[in-house]
Structure formats: C-alpha cells, structure tokens
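So the structure is just underneath, and the comments pick up after that.
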Amino acid sequence: QVQLVESGGGLVQAGGSLRLSCVASGSIFTTNHMGWFRQAPGKQRELVAYITSRHNTLYADSVKGRFTIARDNAKTTVYLQMNDLNPEDTAVYYCKAVTRVGEEYWGEGTLVTVSP
C-alpha cells in the first residue's frame, strides 16, 4: 500500500509560479514511477508530467518548457515546479505512483487556481 500526500496548491496570478510536492510512504520509493496529473472542471484527468525510477521524464506538450518534474528519493518526494502559469493550468493536480509490480495509487489532489 502506498500513501501519497500532495501539497503546494493555491491561487496565483497568470505568469506566476508554484511548486507542488507529493510525499510518498508505504513502499520502496526508489523503484516507483511517479507522475503528476490534473483534472480541470468538466474535463478528463490528463497527464502533466512523469518521472521513472531512473529519472527519465515525460511532459505533456502543453507544459513543456514551463513545468519541471523532479524527485528526491531520500525524502520520498516528487515535485512539480510550475512556471509561467496561465488560467488554462487551473485544475486539481493529482500525484500518482506506479510500483514495480504495476500497482497504481493516487493522492487526493491539490487545487491550483490561476487568475487572469
């Protein structure tokens, strides 16, 4: 069982920055693949960024060059640095863990609101 706790969401003006954190517990973090997803009102949940256990990264086209995903295995934490935010980035952001045996776990989400 993996527990994920997100933090760092909030209200920010367009052009601003936020850093989300997701602390994981209950598994061997170093072997987990970790991802950030988001869900805007009335829309499906979508991938934002992903980082594998070997630190390979993947980004949605809409956030490339603005968002950076990183992990600190010593702190069992994955981060999402979000720069140059715009109102289209407004959503609930969820952390996801995929264990080495394919189990998937989600956090409860943190709300990011970007005002014009």
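Quick note: the coordinates plus some simple rules give every number you see, no bench work behind them. The structure displayed is predicted, hence computed values, not measured ones. As a convention, Cβ positions derive from the backbone with ideal geometry for all residues, glycine included, and neighbour counts pool all protein chains shown.
Which percent of the Cα-Cα distances in the stretch 1-63 go past 16 Å? For the stretch 1-63, the share of Cα pairs beyond 16 Å comes to 59 percent. Across q = 0.23 Å⁻¹, the stretch 70-114 modelled as identical point scatterers on its alpha-carbon atoms has Debye log10 I(q)/I(0) values of -0.95, in the order of the q list. The relative contact order of the stretch 65-116 comes to 31 percent, based on Cα pairs under 8 Å that sit 6 or more residues apart. Relative contact order of the chain, taken over Cα pairs closer than 8 Å and 6 or more residues apart, is 37 percent.
Report the charge-dipole magnitude of the stretch 60-110 in Debye, nearest 20, computed about the Cα centre from +1 at each Lys and Arg Cβ and -1 at each Asp and Glu Cβ.
Working: 6 positive and 8 negative charges, 52 e Å.
Here the size comes out at about 240 debye.
Placing a label point 7 Å from the Cα of I28 along the Cα-to-Cβ direction, the residues of the stretch 43-66 with a backbone N closer than 17 Å are 52-55.
Look at the Cα gyration tensor of the stretch 46-105: its axes a ≥ b ≥ c give a/c of at least 1.5 with a/b over b/c, and that counts as prolate.
Checking every one of the trypsin sites (Lys or Arg not before Pro) in the stretch 1-88 against DSSP loop status and a limit of 12 other Cβ atoms within 10 Å picks out K43, R54, K64. Across the chain, the longest run free of exposed loop sites, meaning GluC sites (Glu not before Pro) lying outside DSSP classes H, G, I, E and B with no more than 13 other Cβ atoms within 10 Å, spans 1-102.
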